[in-house]
1. Test residue 29 against the stated conditions and say whether it is out of contact with any Leu (no Cβ under 9 Å at 6 or more places or on another chain), of a type in the set (D, E, K, R) and over 19 Å from residue 3 (Cα atoms).
2. Name the pairs whose Cβ atoms lie under 6 Å apart, with the first residue in region 29-52 and at pLDDT 85 or above, the second part of a loop (DSSP other than H, G, I, E, B) and open to solvent by 60 Å² or more (accessible area, probe 1.4 Å), and 6 or more positions between them or separate chains?
3. For region 40-53, how many residues meet the condition of being touching a strand residue (DSSP E or B) at 6+ places or on another chain (Cβ under 6 Å) and open to solvent by 30 Å² or more (accessible area, probe 1.4 Å)?
4. If residue 87 meets every condition in (1) open to solvent by 50 Å² or more (accessible area, probe 1.4 Å); (2) of a type outside the set (Lys, Arg); (3) touching a residue at least 60 places away in the same chain (Cβ under 8 Å) apart from one, which number is that one?
Amino acid sequence: LALREAAEELGCIAIGPAHANPAALALIRQGAPDLAILDINLGGTSNAPVARALKALGVPFVYCTGYAEPAGQIEPGLEAEMISKPTDAAVLS
């Protein structure tokens, strides 16, 4: 939620958060966002379906994670930049 607030302070219109893949995919179907911040783990499951949907639409995204070694949890072809938790809102500007 802190990232959402930081994005809104930068003038972005935030949708979500979505705490599970079905909710995230429903938000994407309502209208593709300009960009997305994805947690590597959504409700105990991989966010790969969400990353695939965003990639198919050409929507840029970054991962935000608290994992020390997150690369092994990202499906090949779905790599993106990483920001670490806890995240300083300044990372968005």
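1. Values: out of contact with any Leu (no Cβ under 9 Å at 6 or more places or on another chain): yes; of a type in the set (D, E, K, R): yes; over 19 Å from residue 3 (Cα atoms): yes.
When the stated conditions are applied, residue 29 passes them.
2. Between residues of region 29-52 that are at pLDDT 85 or above and residues that are part of a loop (DSSP other than H, G, I, E, B) and open to solvent by 60 Å² or more (accessible area, probe 1.4 Å), the close pairs are 35/60; 48/75.
3. 0
4. With (1) open to solvent by 50 Å² or more (accessible area, probe 1.4 Å); (2) of a type outside the set (Lys, Arg); (3) touching a residue at least 60 places away in the same chain (Cβ under 8 Å) applied to residue 87, the lone miss is (1).
The values are calculated or read from the model by the stated rules, or taken from the named source; none is laboratory data. This structure is a prediction, so every number in the text was calculated from the model and none was measured. Reconstructed Cβ throughout: ideal geometry from the backbone, glycine too, with neighbour counts over all protein chains shown. The accessibility values were calculated without ligands, DNA or RNA, using every heavy atom of the protein model including side chains. Shrake-Rupley method; radii C 1.70, N 1.55, O 1.52, S 1.80 Å.
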